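The structure appears right after this line, and notes come after that.
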Amino acid sequence: MADLGTATIRWPHRGFGRMSLVDSTEWSIDGGGWRSGSVSVECRSSSGRLEFGDDEGMTADARNQPVRTLDEQLAETWDQLARAVRDGKHEWHLPVVSTVGLDGSPEARTVVLRGVDPVDRLLVFNTDRRSRKPNELEVDGRMAWTFYERRDRVQLRVSGPTTIHADDEIADRAWEATALSSRRCYMAPHAPTSRLEAWDPNLPEGLSASSPDRAASELGRANFMTVRTRIDRLERLELHHDGHLRALWQWKDDGTVDVSWLAP
Ligand SMILES: Cc1cc2nc3c(=O)[nH]c(=O)nc-3n(C[C@H](O)[C@H](O)[C@H](O)COP(=O)(O)O)c2cc1C
């Protein structure tokens, strides 16, 4: 098909997209359905194809509603975090957590968000106790979490003192809630990050394509631990074409919170 050209289309206050017209003689845009930068375009064409590209960068939509209060933003943040625990497709399901490495360098890696508690202000993930994170956290218990969600274009930067739980009731409860498919990871013969002479799937024997049964999975318990950050700082940035929203919550030891807008 010949490419008959490319056009940039703009909607007032809604960013822009690119449109390629390919071998078309007749088309119309029925429009609509946009929210936070995703624009759905319906195209009717007798013989052609219309391709639409949405700008994924900083050119987010304008707000089509009044600026929400800081309280509303915080409540929405807790709701979304709780949803992200349950919904593997929610982009906040896979945050990046950062530690101070043993040599003082920053270390960052992706994890699965396993729990959120808005009352105690906790974020939780599970890990292999043989990995590097627990050692780092024992030396310096500070951890930073970074989340980004593309649909609503919200970044969270969260930090606070972090505790590791390997042999207590907290760890037992987390292990009980861990699916058999995930338990398999803790049965890996090699400690995470061990150097290998050759590629090795690092899966328990006989379980390269299946989950262990419950009894067999108990072998993984010895390597399992859960990690909890008590949030004392939460920064939220929401991108909009006509002015980003950025705010900071900082909790003090007595439970009170300082809240402030930040310059985006
Ligand atoms: C999508 C994804 C999810 C992951 N989830 C976890 C997790 O929940 N816990 C974990 O310890 N590692 C998880 N990892 C692996 C870590 O990113 C990291 O490679 C590993 O934990 C070793 O990190 P460390 O050497 O800094 O301890 C995940 C990786 C990816 C790509």
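Coordinate-derived values only; no laboratory data. Predicted, not measured: the structure shown is a model, and the values here were computed from it. Cβ: placed from backbone, ideal geometry, glycine included. Neighbour counts: every protein chain shown.
Computed extension length for residue 72-residue 169: 31.5 nm, one decimal, from 0.36 nm per residue of separation with the Cα-Cα distance subtracted.
Each part gets one Cα centre, and for the range 186-264 versus the range 76-103 those centres are 7 Å apart.
May I ask you to work out the translational diffusion coefficient for the range 70-261 at 20 °C, viscosity 1.002 mPa s, via Stokes-Einstein with Rh from the Kirkwood sum over Cα pairs, reported in whole µm²/s?
119
Pull out a ≥ b ≥ c, the square roots of the eigenvalues of the alpha-carbon gyration tensor of the range 210-264, then state rounded if a/c is under 1.5, prolate if not and a/b is larger than b/c, and oblate in the remaining case. Verdict is oblate for the range 210-264.
Among the chymotrypsin sites (Phe, Trp or Tyr not before Pro) within the range 181-240, those in coil by DSSP and having at most 11 neighbouring Cβ atoms inside 10 Å are 199.
Of the GluC sites (Glu not before Pro) found in the range 159-264, those that fall in a DSSP loop while having at most 12 other beta-carbon atoms within 10 Å are 197, 205.
Extension gain, residue 102 to residue 263, is 54.6 nm, computed as 0.36 nm per intervening residue step minus the present C-alpha separation.
For the range 145-247, the equivalent ellipsoid derived from the Cα gyration tensor has semi-axes of 36, 19, 14 Å, listed largest first.
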